[in-house]
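Everything on this sheet refers to the single structure shown next.
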Amino acid sequence: MPVTDISADADTLTVNITADFDAPLDRVWRVFTDPRQLERFWGPPGWPATFTRFDFAPGGLAQYQMTGPRGETSRGRWEFLSIDEPRSFEVLDGFADEDGDLTGDHEPMRMVFAFEETATGTRLTGKTYFTSADSLEQMVQMGMVEGTRLAMGQLDAVLQDLRAYAAGKGTRLEVLDDQHVRITRLIDGPRDLVWRAHHEPDLIRQWMLGPDGWRMTDCEITDTRYRNAWAPEPGTEGQAFGFEGDVLYSEPQRRTVMTERMSGTDGPESINDLQLYEEDGATLLTMLIEYPDAATRDAILATGMIDGMEDSYARLERELLAA
């Protein structure tokens, strides 16, 4: 995790962040000034950003939209005030409407990003200036500090070559907080096929089986709902079970969000946010899961879920992508 400090200062009306990266200055600079790379971390998990405009010059504008797990949107814009490549840039940041105009709901904030070389890489110092104590308090209550920490925590995957970051490391679990975990797995194949493998029943049946000795007995998926069920093969211990849920949001080839609960029960229900990113013929699969509470999270993780997912993802590469 690159963030070493983030805090709000009521005396100076600022939010301050310090982050250290094991990457050269020019690489970190590009991550913050290339909209396609910014999209991979600008926004906390579950609210990825899409930049629709990026005029990187003094007086230029950047416009972006963050989309929540149920399709909710939050729009913002930057007005670039100054640029000193590759040392710093300054923007006026504010909430925006569909046309990219400031909404007036919140006072715009001045943000300064400064970059400096260190013995181990690069240090980012960020400072956001507010015009009033009320404005600062309002943004803190909206989750700005924690949201920024979580957003910056995604930068390790962006700064490294994708294969160097994830190849051979299997299915990895990160516990983000009491309700959220992030699961990542590099799939050695193109995004379009990985997407189809998660959305076409004929393909799903070939790999989403968990440990050896299990078979998929039911696989139904539509634009709005899905249901999957499994049963042990003869001689394998275990009881048949299934999961079902609703499709909350879908952006083909990139993201799909579904609820999940065990079939035949009233819950508990999780929200599974699947996102795919392709680089050099490989696809990084990221699954952000939201649980109702820490107890539910721990109980589900204790079932061996991660091991079962790894068995399935390995089968996906072996049965579908290597064919």
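Observations
- Proxy reagent accessibility, fewest Cβ within 10 Å first, across Leu92, Leu38: Leu92, Leu38
- Scanning the chain for trypsin sites (Lys or Arg not before Pro) lying in DSSP loops with no more than 16 further Cβ atoms inside 10 Å, the longest uninterrupted stretch between such sites is 170-253.
- For the chain: Kirkwood Rh in Å [reciprocal of mean 1/r, alpha carbons]: 21.5
- Ratio of Rg to Rh over the range 1-157 (Cα coordinates, Kirkwood Rh, two decimals): 0.93
- Translational diffusion coefficient (Stokes-Einstein; Kirkwood radius from C-alpha pairs) of the range 204-291 at 25 °C, 0.890 mPa s, in µm²/s: 170
- Percent RCO, i.e. relative contact order, over the chain, from Cα pairs under 8 Å lying at least 6 residues apart: 15
- The range 47-103: C-alpha gyration tensor shape, a/c 1.5 cut-off, then a/b vs b/c: prolate
- Shape category assigned to the range 156-200 from the gyration tensor of Cα positions, a/c cut at 1.5: oblate
- Charged neighbours of Pro232, selected by a Cβ distance under 15 Å, balance to -4 (K, R count +1; D, E count -1).
- Dipole magnitude (debye, nearest 20) for the range 163-321, charges at Cβ of Lys, Arg, Asp, Glu: 320
- Each stretch of four or more DSSP H residues adds -39500 (n - 2.57); spread over every residue of the chain, this sum gives -6500 deg cm²/dmol at 222 nm.
- Check: the chain dipole with +1 on Lys, Arg Cβ and -1 on Asp, Glu Cβ, in debye: 640
- When the square roots of the Cα gyration tensor eigenvalues are ordered a ≥ b ≥ c, the ratio a/c for the range 163-321 is under 1.5, which makes its shape rounded.
- For the range 61-158, the set of GluC sites (Glu not before Pro) satisfying both a DSSP loop assignment and a count of at most 12 other C-beta atoms within 10 Å is given as Glu72, Glu98.
Coordinate-derived values only; no laboratory data. What you are looking at is a predicted structure, and each value in this text was computed from that prediction instead of being measured. Cβ: placed from backbone, ideal geometry, glycine included. Neighbour counts: every protein chain shown.
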